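Below: the structure, in structure tokens.
The values are calculated or read from the model by the stated rules, or taken from the named source; none is laboratory data. None of these values were measured; they are calculated from a predicted model. No Cβ is skipped: glycine too gets one built from the backbone with ideal geometry, and neighbour counts run over all protein chains shown.
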Amino acid sequence: MRVIASFLLLPLALSAAAAQAPSFSENVRPYVAVDAPVVALTHVKLIDGTGAAPAENQTIVIAGGKIQAVGANVAVPAGAKVMDLTGHTVTPGFVGLHNHTFYTTAAGRRVQLNFSAPRLYLASGVTTIRTTGSISPYSEITLKSQIDSGAVPGPRMYITGPYITGPDATMERAHVRTPEAARRVVSYWTEEGVTWFKVYTGITRAELAAVADEAHQRGAKVTGHLCSVGFREAVAAGIDGLEHGLMANSEFDPEKKPDECPRGFARVNSELDLNQPEVRASTKEVVDHQIPITTTLAVYEASVPNRPPLAQRMLDALAPDVREEVLTARARVAQNNNPLAARMLRKEMDFDLAFVKAGGLLGAGVDPTGNGGALPGFGDQRNYPLLLEAGFTAPQAIQIMSANGAKVLGAADRFGTVTPGKLADLVVIQGDPVATPADIEKVTLVFKEGVGYDSAKLIEVVKGMVGVR
Ligand SMILES: [Zn+2]
């Protein structure tokens, strides 16, 4: 079924590739491991992103930046560069929906990572990101154009404007006090090239409605990390996405007042009965309006004592002082041994599962922070074993991390699954993450639009830089 007639179009695809091939700069070329007109990956275990069961012994033919053929009986074109990947698994490139280009250190400092974030995302298999809240939108605009032109290695970017919120102590956010001010922020940044906005915990219902209306008029969308506005209020105000899942929904807190963020709703939610009619009604409303939710399990896990396993590659990527902050925060979490964080993580997993069972569209993202422990890319990979722990199957977890993200971005026809005709965004993993979930970290090659990048080299070049640049 996967062997397709688009093979007939191969010569056309090849000439198009020759015309469009980006000229890589000296910042990119050393990391390009595979860049041939036709590439055939053979003998792979394939998890294709559609939710279908893994398939053994598959061949994937890539040309012109796109997937040309996939299947067990695909003929390898003459002259193709053949890579025998026996013992490897291939998944679609991951689509990270909450993937900032900045990092919040364990001590609470926000650092724009123009150098390390794009390289770590790409190295980890994340071929597309939505930045979902920016502290420096112009950095992202410039970074995106550098990546698109081949000057810098990195993922495809969907840029988000500044966080839009009410009065708030954080300086890097756009603090609006009226719906008119909110409209001005949206109007300015859409002109500059931003396609998504993120509203934050202090927004009012009227301001959110103004952001959504202005964004929609300009072809942009709005997601939110909410608190002052509950999920159902946000749906009514026209929001297009909800970040963090249940743990950012304040509407079940009996103390909740309109347009105010209640203090103790995390505890309320950690004890919530997900089968209670009000919770089911809320989920149904989100599902009925086809509003996607982004889960960020890796960032919640970092508040749970002694989790995740301390990874040497994470410590190596951090700047020395930032590494000390991470280790100090981790020791403090272990010492406090507060059971709330573990309960919240489990409740969020249960909610994610219930949301998908109810027909909801769930995507995933890293949110690089979490006591400093969730790094760009590495944290996206960590979501995989956490989704399995939640109760999803391996094909479902990969689907959430890839195809569902593409759907949220309105790009499911272009990327997100390993399907002929789509962009050749592929993650090559040494091992079998179905049998051994931790193998998800053993990424060797990442294809973005048919060009294969060397994961280890990209990770090597950012050593000691997370927290600095
Ligand atoms: Zn965030």
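Out of all the residues in segment 381-429, which are in a loop (DSSP other than H, G, I, E, B) and more than 21 Å from Ile62 (Cβ to Cβ)? It would help to see each step written out before you state the result.
Looking only at segment 381-429, we keep the residues that are in a loop (DSSP other than H, G, I, E, B), and these are 391-393, 402, 409-422, 424-425.
The answer is Gly391, Phe392, Thr393, Leu409, Gly410.
Hey, among the residues in segment 245-273 that are surrounded by 22 or more Cβ atoms within 10 Å (Cβ to Cβ) and not polar (S, T, N, Q), which one's farthest from Leu387 (Cα to Cα)?
Residues of segment 245-273 surrounded by 22 or more Cβ atoms within 10 Å (Cβ to Cβ): 245-246, 248-250, 265, 269.
Restricting the remaining residues to those that are not polar (S, T, N, Q) gives 245-246, 248, 265.
Numbers: Gly245: 13, Leu246: 15, Ala248: 18, Phe265: 24 Å.
Filtering segment 245-273 for residues that are surrounded by 22 or more Cβ atoms within 10 Å (Cβ to Cβ) and not polar (S, T, N, Q), the one farthest from Leu387 (Cα to Cα) comes out as Phe265.
If only one of Val74, Val61 is over 17 Å from Glu449 (Cα atoms) and at pLDDT 95 or above, which one is it? Don't jump to the end; show me each part of the working.
Numbers: Val61 fails: over 17 Å from Glu449 (Cα atoms).
Going through Val74, Val61 in turn, just one is over 17 Å from Glu449 (Cα atoms) and at pLDDT 95 or above: Val74.
Against the condition at pLDDT below 95, in the same structural domain as Pro376 (by TED's automatic domain parsing), away from the ligand (no atom under 16 Å from the Cβ) and not polar (S, T, N, Q), how does Ala107 come out, does it pass?
Values: at pLDDT below 95: yes; in the same structural domain as Pro376 (by TED's automatic domain parsing): yes; away from the ligand (no atom under 16 Å from the Cβ): yes; not polar (S, T, N, Q): yes.
The answer is yes for Ala107.
Going through Thr142, Thr127, Thr132, Thr89 one at a time, which residue ends up being within 17 Å of Gly370 (Cβ to Cβ) and modelled with pLDDT of 95 or more? Walk me through how you get there before you give the answer.
Working: Thr142 fails: within 17 Å of Gly370 (Cβ to Cβ); Thr127 fails: within 17 Å of Gly370 (Cβ to Cβ); Thr89 fails: within 17 Å of Gly370 (Cβ to Cβ).
Unique residue meeting the criteria: Thr132.
Determine which member of the set Ala151, Ala117, Ala123 is surrounded by 17 or more Cβ atoms within 10 Å (Cβ to Cβ), assigned by TED's automatic domain parsing to the domain that holds His225, of a type in the set (A, V, I, L, M, F, W, C) and within 16 Å of the ligand (Cβ to nearest atom).
Just a single option satisfies the conditions, and that option is Ala117.
Quick one: is Ala374 in contact (Cβ under 8 Å) with a residue 24 or more places away in the chain and assigned to a helix (DSSP H, G or I)?
On the way: in contact (Cβ under 8 Å) with a residue 24 or more places away in the chain: yes; assigned to a helix (DSSP H, G or I): no.
For Ala374, the condition - in contact (Cβ under 8 Å) with a residue 24 or more places away in the chain and assigned to a helix (DSSP H, G or I) - is not met.
Quickly run through segment 422-440 and pick out the residues that are in contact with a helix residue (DSSP H, G or I) (Cβ under 7 Å, 6 or more places away or on another chain) and either surrounded by 20 or more Cβ atoms within 10 Å (Cβ to Cβ) or of a type in the set (Val, Ile, Thr) (or both).
Ile429, Pro433, Val434, Ile440
Out of segment 360-379, which residues are surrounded by fewer than 24 Cβ atoms within 10 Å (Cβ to Cβ), more than 11 Å from the ligand (Cβ to nearest atom) and modelled with pLDDT under 95?
Asn371, the sole residue that qualifies.
Tell me which of these Thr132 doesn't satisfy, since it passes every other one: (1) of a type outside the set (Gly, Ala, Ser); (2) within 16 Å of the ligand (Cβ to nearest atom); (3) farther than 24 Å from Gln399 by Cα.
Every condition holds for Thr132 apart from (3).
Across segment 457-469, what is the number of residues that are more than 19 Å from the chain's Cα centre (by Cα) and either touching a residue at least 60 places away in the same chain (Cβ under 8 Å) or buried (at least 24 other Cβ atoms within 10 Å of the Cβ) (or both)? Steps first, answer last, please.
First, the residues of segment 457-469 that are more than 19 Å from the chain's Cα centre (by Cα): 457, 460-465, 467-469.
Then keep just the ones that are either touching a residue at least 60 places away in the same chain (Cβ under 8 Å) or buried (at least 24 other Cβ atoms within 10 Å of the Cβ) (or both); that gives 457, 461-465, 467-469.
Selection size over segment 457-469: 9.
Could you list, in sequence order, the residues of segment 344-359 that are surrounded by fewer than 16 Cβ atoms within 10 Å (Cβ to Cβ), in contact (Cβ under 8 Å) with a residue 12 or more places away in the chain and either in a helix (DSSP H, G or I) or within 16 Å of the ligand (Cβ to nearest atom) (or both)?
Just the residues of segment 344-359 that are surrounded by fewer than 16 Cβ atoms within 10 Å (Cβ to Cβ), to begin with: 346, 350, 357-359.
Add one more test, that the residue is in contact (Cβ under 8 Å) with a residue 12 or more places away in the chain, and what stays is 350, 358-359.
Residue satisfying the conditions is Asp350 alone.
Given the criteria in a loop (DSSP other than H, G, I, E, B) and either within 17 Å of Thr127 (Cβ to Cβ) or touching a residue at least 60 places away in the same chain (Cβ under 8 Å) (or both), does Thr86 qualify?
Details: in a loop (DSSP other than H, G, I, E, B): yes; either within 17 Å of Thr127 (Cβ to Cβ) or touching a residue at least 60 places away in the same chain (Cβ under 8 Å) (or both): no.
Spelling it out, it is not the case that Thr86 is in a loop (DSSP other than H, G, I, E, B) and either within 17 Å of Thr127 (Cβ to Cβ) or touching a residue at least 60 places away in the same chain (Cβ under 8 Å) (or both).
Just the residues that are aliphatic (A, V, I, L, M) and either more than 25 Å from the chain's Cα centre (by Cα) or more than 13 Å from Gly464 (Cα to Cα) (or both), please, taken from segment 320-334. It would help to see each step written out before you state the result.
Filtering segment 320-334 for residues aliphatic (A, V, I, L, M) gives 322, 326-327, 329, 331, 333-334.
Scanning segment 320-334 gives Val326, Leu327, Ala329, Ala331, Val333, Ala334.
Matching residues to (1) more than 17 Å from Leu426 (Cβ to Cβ); (2) of a type outside the set (A, V, I, L, M, F, W, C):
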position	(1), (2)
Ala55	no, no
Gly65	no, yes
Val76	no, no
Ala107	yes, no
Ala123	no, no
Thr127	no, yes
Leu143	yes, no
Ser149	yes, yes
Met157	yes, no
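Is it the case that segment 220-229 has a residue that's in the same structural domain as Gly372 (by TED's automatic domain parsing) and more than 30 Å from Lys357 (Cβ to Cβ)? Break it down into steps so the answer makes sense when it comes.
Here is the first cut: in segment 220-229, the residues in the same structural domain as Gly372 (by TED's automatic domain parsing) are 220-229.
With the extra rule that they be more than 30 Å from Lys357 (Cβ to Cβ), the set shrinks to 220.
Yes - at least one qualifying residue is present in segment 220-229.
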